[in-house]
Amino acid sequence: MYFVILAGGVGTRLWPRSRRQMPKQFLNITSPERTMLQETYARVEDMAPEDHFIVVTSRAYAPTVRAQLPRIPAENILSEPAGRGSAPAVGVSALFVHRKDPSAVMACLSADHFITHTEEFHRVLRVAEAAAKEGYLVTLGIQPSYAEIGYGYIQGGERLMEIDGVEVRRAVRFTEKPSLEDAQRFVAAGNFYWNAGMFIWQASTILDAFARYMPDLYERLMQIEAFWDETGKVGVIPEDIWLSIRSETIDYGIMEKADNVAVVPADLGWSDVGSWATLLDLLPASDDGENVVIGRHVGVDTRNSLIYSPDRLIATVGLENIVIVDTGDAILVCPKDRAQDVKRVVKYLEEQGLYDVL
């Protein structure tokens, strides 16, 4: 199996620590020893040889990827001239894998996810690999623990097969970020799963899906392959072709349309680390007040708060469910339940042209 790590995101919801020049996947957000990209690689590095790993990232981030993952061959780092969404990123990586092995199965993983149950992750990946060899486009569905409205959901249908005690079900439909009422109904139904954006398929199968459901993108992929044949620069993405591609997600472009989609339900201890509030739930408490502290903090009557300040002391009095992030040139303070709105701050900074703090 080949592993494709998608590492081109900008991580705006973890501002001010995640910045354009160094977004969250390249930071030690969830581990003091390793970045999120390194964690993603380490999680599966024993499942395949080094040359079976491919990273798709922005051209600006390619040097960082090479520095953080030196064991991956340099030619396996595919640099996008500009962001075009997950569908083109998956497409060019499938093209790259297909040239190496037309029958290969590839797993597409995000560089900024958090998973605690590594052994179970390996098991469901092997199950998904077996289903992919049967011609299915497979996605992992996370067993929901509560009615989250910030995630997409996948409805599981008939059981297609069972491998090593793990069910593989037909994916009936995808729902993007439902209302709270719908999310509660989904969780109660028992056959809806969080869409974690992790996909497993044969390179040939997903390329066939591009040809059928996204013919414009497929045509551009064939132009890229012709460029590789003519120049011998396999893995280099020509800018003129890439910039002519329309941005699209793999979910909307393929998964919501294809008739051979399967879902593998999984309990992985998974999170997309989508906000500072998520980190407050994931990281171990630092004191009796259930606060998560990274840096120096003195708290009086302060509970269930996240304080990030590696360079100077933060003192708090009477706070509860608050996020404080101090990066030296910017300070974020917000209630835990408003952490998703950090992206609104980033949008405002962009509109005001305050790029020095972006």
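The values are calculated or read from the model by the stated rules, or taken from the named source; none is laboratory data. The shown structure was predicted, so the numbers you read here are calculated from the model rather than taken from an experiment. Ideal geometry is used to build each Cβ from the backbone, glycine not excepted, and the neighbour counts take in all protein chains shown.
Might you let me know whether segment 153-163 holds any residue that is in the same structural domain as LEU243 (by TED's automatic domain parsing) and not in a strand (DSSP E or B)?
Checking segment 153-163: not a single residue is in the same structural domain as LEU243 (by TED's automatic domain parsing) and not in a strand (DSSP E or B).
Of all residues in segment 306-358 being in a strand (DSSP E or B) and of a type in the set (Gly, Ala, Ser), which is nearest to the chain's Cα centre (by Cα)?
SER309
Answer yes if at least one residue in segment 52-68 is touching a His at 6+ places or on another chain (Cβ under 8 Å) and farther than 30 Å from VAL293 by Cβ, and no otherwise.
The answer is no; no qualifying residue exists.
Taking segment 57-111, which residues are farther than 22 Å from HIS122 by Cα and of a type in the set (A, V, I, L, M)?
Scanning segment 57-111 gives ALA60, ALA62, VAL65, ALA67, ALA74, ILE77, LEU78, ALA82, ALA87, ALA89, VAL92, LEU95.
Does PHE227 qualify as being crowded, with 23+ Cβ neighbours inside 10 Å and assigned by TED's automatic domain parsing to the domain that holds ARG84?
Here the answer is no, as PHE227 does not meet what is asked.
With respect to SER247, is the statement that it is in a loop (DSSP other than H, G, I, E, B) and not assigned by TED's automatic domain parsing to the domain that holds LEU140 true?
So SER247 fails the test.
What do you reckon, is ASP288 touching a residue at least 12 places away in the same chain (Cβ under 8 Å) and surrounded by fewer than 21 Cβ atoms within 10 Å (Cβ to Cβ)?
Here the answer is no, as ASP288 does not meet what is asked.
Name the single residue that is nearest to VAL124 (Cα to Cα) among those in segment 261-305 being of a type in the set (Gly, Ala, Ser) and not in a loop (DSSP other than H, G, I, E, B).
The extreme case among them is ALA266.
Given the criterion touching a residue at least 12 places away in the same chain (Cβ under 8 Å), in a strand (DSSP E or B) and touching a helix residue (DSSP H, G or I) at 6+ places or on another chain (Cβ under 8 Å), identify the matching residue among THR30, THR57, THR64.
THR57
Suppose the filter is surrounded by 22 or more Cβ atoms within 10 Å (Cβ to Cβ) and closer than 22 Å to HIS117 by Cβ; does PHE3 pass it?
yes
Taking THR57 as meeting all but one of (1) within 28 Å of GLN143 (Cβ to Cβ); (2) surrounded by 21 or more Cβ atoms within 10 Å (Cβ to Cβ); (3) polar (S, T, N, Q), write down the number of the exception.
All conditions are met except number (1).
Residue by residue through segment 175-196, note down the ones that are in contact with an Asp or Glu (Cβ under 8 Å, 6 or more places away or on another chain) and surrounded by 21 or more Cβ atoms within 10 Å (Cβ to Cβ).
Of everything in segment 175-196, those that are in contact with an Asp or Glu (Cβ under 8 Å, 6 or more places away or on another chain) and surrounded by 21 or more Cβ atoms within 10 Å (Cβ to Cβ) turn out to be ALA183, TRP194, ASN195, ALA196.
Looking at segment 90-121, which of its residues are out of contact with any Phe, Trp or Tyr (no Cβ under 9 Å at 6 or more places or on another chain) and closer than 19 Å to TYR193 by Cβ?
SER110, GLU120
Exactly one of these conditions fails for SER309: (1) buried (at least 17 other Cβ atoms within 10 Å of the Cβ); (2) over 30 Å from GLN143 (Cα atoms); (3) of a type in the set (Gly, Ala, Ser); (4) touching a Leu at 6+ places or on another chain (Cβ under 9 Å). Give me its number.
With (1) buried (at least 17 other Cβ atoms within 10 Å of the Cβ); (2) over 30 Å from GLN143 (Cα atoms); (3) of a type in the set (Gly, Ala, Ser); (4) touching a Leu at 6+ places or on another chain (Cβ under 9 Å) applied to SER309, the lone miss is (4).
Anything in segment 167-218 that is among the basic types (Lys, Arg) and either under 26 Å from ALA111 (Cα atoms) or outside any helix (DSSP H, G or I) (or both)? List them, or say none.
The answer is ARG169, ARG170, ARG173, LYS177.
I want to confirm something. Restricting to segment 139-182 and keeping residues that are basic (Lys, Arg) and under 23 Å from THR249 (Cβ atoms), which single residue is nearest to the chain's Cα centre (by Cα)?
Filtering first and then ranking leaves LYS177.
For residues that are under 20 Å from the mean Cα position of the chain (by Cα) and surrounded by fewer than 22 Cβ atoms within 10 Å (Cβ to Cβ), scanning just segment 230-254, find the one that is farthest from VAL55 (Cα to Cα).
For segment 230-254, the residue satisfying everything is TYR252.
Quick grid of which residues meet (1) closer than 19 Å to GLU80 by Cα; (2) in contact (Cβ under 8 Å) with a residue 40 or more places away in the chain:
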| site | (1), (2) |
| --- | --- |
| GLU162 | no, no |
| VAL168 | no, yes |
| THR175 | no, no |
| PRO178 | no, no |
| ALA196 | no, yes |
| ALA203 | no, yes |
| ALA226 | yes, no |
| ILE245 | yes, yes |
